[in-house]
Amino acid sequence: MTHEEWVDPEIVRPYVVTRGRTEPVRGSFDLISLAVAVGGPPGPEAGLDPEHLSIARLCREPISVAEIAARLDLPAGTIRVLLGDLFDQGFVTVQDPQPEVDMQDEKMYRAVLDGLRSL
Amino acid sequence: MVFGRSDRRRLPTAIKILIAGGFGAGKTTMVGSVSETRPLRTEETLTDRSTGVDDISGVEAKRTTTVAMDFGRITMGDDYMLYLFGTPGQERFWFVWDELALGALGAVILADTRRLADCFPSVDYFERRGTPFVVAVNCFEGSPVYELDEVRLALGLDPSIPLVLCDARKRDSSREVLIQLVEHAMKLRAQPVGTTS
């Protein structure tokens with residue numbers, strides 16, 4: 001088994017942004033968990049970092065973890081940690097995707113078919 | 001809180017469909033042709049977590065791999081948001097597939113008749129996992145033309161699994177493939193409203 005190994009400054013940035021944390025304080029966050037801002041934007045008293053504020057701004061419309069990561073050019077794992085902070089402090093609410101057991105809902109399939117047909 | 005009225009926004013439910021297949025089979029092309037925007041790219045950084053994460057001096061010693069995934073979004077009214085994810089091609093990223101496949105509505109496996117064997121691992125994977133899937137033969141210019149029956153035979157595909165021709169560059173064609181997949185998944189999994197326990 002070979003691994004690609006390199007020292008890349010881009011690897012270090014995510015760790016600095018999260019202050020070395022790899023797990024969110026709250027929540028787990030799938031790639032397609034949707035987040036949206038609640039209440040007003042965080043003020044300076046919240047003591048948040050610029051990356052937190054960027055995420056909060058993106059969350060003015062419902063947006064997935066994957067999209068936040070793509071828009072801010074940070075790994076999804078980093079976004080999970082920062083989003084966890086915002087969730088913990090009540091600045092965003094999060095909707096996790098349906099677990100597999102709920103894939104029996106005929107209504108959901110019909111809605112997706114209608115959506116695709118109207119594209 | 002002074003924002004009571006708009007505080008509780010109902011969020012749509014996100015659904016994902018995976019677009020799998022070998023390298024160069026047209027996964028990102030298909031994601032792009034039906035999505036609202038050009039394909040976005042997200043990266044999962046996978047790091048050997050046994051190293052103390054607070055020890056910055058250890059950073060350079062960590063083994064780090066970055067897996068990139070292309071994806072797109074289709075908004076379906078107020079209730080649902082559909083995401084299409086191109087799966088990372090290399091088989092050593094199976095663990096990323098596991099995360100992606102969890103809760104997926106289903107998968108499209110793109111087949112390229114010039115390299116048909118490239119989609120065997122995807123077929124095996126989704127069969128084993130029980131994820132509903134369809135196989136779509138992406139018709140590249142200059143690629144050998146086979147009857148669908150021949151492709152089905154070559155892939156050892158069960159007759160119950162839909163096999164279709166497509167042009168991943170075309171929105172209508174990609175959309176038809178997705179419709180086939182959703183109808184197939186619905187047949188396999190859905191229970192009429194009211195009969196779920």
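The values are calculated or read from the model by the stated rules, or taken from the named source; none is laboratory data. Owing to the predicted nature of the structure, the values given are computational and were not obtained by experimental measurement. Heads up, the Cβs are rebuilt from the backbone with ideal geometry, glycines too, and the neighbour counts pull from every protein chain shown. We work out accessible area using only protein heavy atoms, side chains counted, and drop any ligands, DNA or RNA first. Shrake-Rupley method; radii C 1.70, N 1.55, O 1.52, S 1.80 Å.
Let me confirm one metric for peptide A:90-99, namely the mean number of other chain beta-carbon atoms within 10 Å of its residues' beta-carbons.
Neighbouring Cβ atoms belonging to other protein chains average 4 per residue here.
Ignoring everything but the protein chains, give the 1.4 Å probe accessible area of residue A:67 in square angstrom, nearest 10.
Looks like 20 Å² after rounding.
Compute the Kirkwood hydrodynamic radius of region B:148-197, taking the inverse of the mean of 1/r over all pairs of distinct Cα atoms, and give it in Å to one decimal. Each step should come with its number before you reach the end.
On the way: mean 1/r = 0.0778 Å⁻¹.
12.9 Å is the Kirkwood radius here.
Could you sort out which of B:16/B:170; A:107/B:170; B:27/B:170 sit more than 23 Å apart by Cα distance in this structure? Please report the intermediate quantities before stating the final value.
Working: B:16/B:170 20 Å; A:107/B:170 28 Å; B:27/B:170 13 Å.
The pairs that break the limit, which is 23 Å between Cα atoms, are A:107/B:170.
How high is the relative contact order of region A:3-117, given as a whole-number percent (alpha carbon pairs under 8 Å, six or more residues apart)? Mind showing how you got there, number by number?
Working: 128 pairs, mean separation 41.1, N = 115.
Once divided by the residue count of region A:3-117, the mean separation gives 36 percent.
Can you tell me which of B:100-107, B:180-187, B:72-79, B:145-152 comes out highest on packing, and rank the rest after it, using the mean Cβ neighbours within 10 Å? Don't jump to the answer; show the numbers that get you there.
Working: B:100-107: 22.9, B:180-187: 19.9, B:72-79: 16.5, B:145-152: 12.8.
Most protected by this proxy first, the peptides run B:100-107, B:180-187, B:72-79, B:145-152.
First obtain the Kirkwood hydrodynamic radius of chain A from its Cα pairs, then insert it into the Stokes-Einstein equation at 10 °C and 1.306 mPa s, and state the resulting D in µm² per second as a whole number.
The Stokes-Einstein estimate is 99 µm²/s.
Using each residue's phi in region B:132-137, evaluate 6.51 cos²θ - 1.76 cosθ + 1.60 at θ = phi - 60° and report the 3J(HN,Hα) Karplus result to the nearest Hz, with x for Gly and Pro.
Along region B:132-137, the couplings run x, 8, 10, 10, 10, 7 Hz.
Any chance you could look up the accessible area of residue B:95 with a 1.4 Å probe, heavy atoms only, rounded to 10 Å²?
110
Counting other C-beta atoms within 10 Å, and keeping those with at most 10, which DSSP coil trypsin sites (Lys or Arg not before Pro) do you find in region A:15-55? The partial results should precede the final answer.
Values: sites: A:19, A:21, A:26; in loops: A:19, A:21, A:26.
Sparse-neighbourhood loop trypsin sites (Lys or Arg not before Pro): A:19.
Given a 10 angstrom Cα cut-off, can you work out which residue in A:50, A:62, A:99 is the most mobile in a GNM of chain A?
Most flexible of the set in this elastic network: A:99.
Based on DSSP H runs of at least 4 residues, each adding -39500 (n - 2.57), what is the mean residue ellipticity at 222 nm of chain A after dividing by all its residues, to the nearest 500 deg cm²/dmol? Please list the in-between numbers first.
Details: 5 runs with 51 residues, N = 119.
So the helix-based figure for chain A works out to -12500 deg cm²/dmol.
For a quick check: with amide H placed at 1.01 Å from N, whose amide H comes under 5 Å from residue B:80's, ignoring anything fewer than 5 positions away on the same chain?
B:13
Can you pull the mean other chain C-beta count within 10 Å for peptide A:66-73?
On the way: counts 12, 8, 1, 6, 8, 2, 0, 3.
Mean partner shielding for this stretch: 5.
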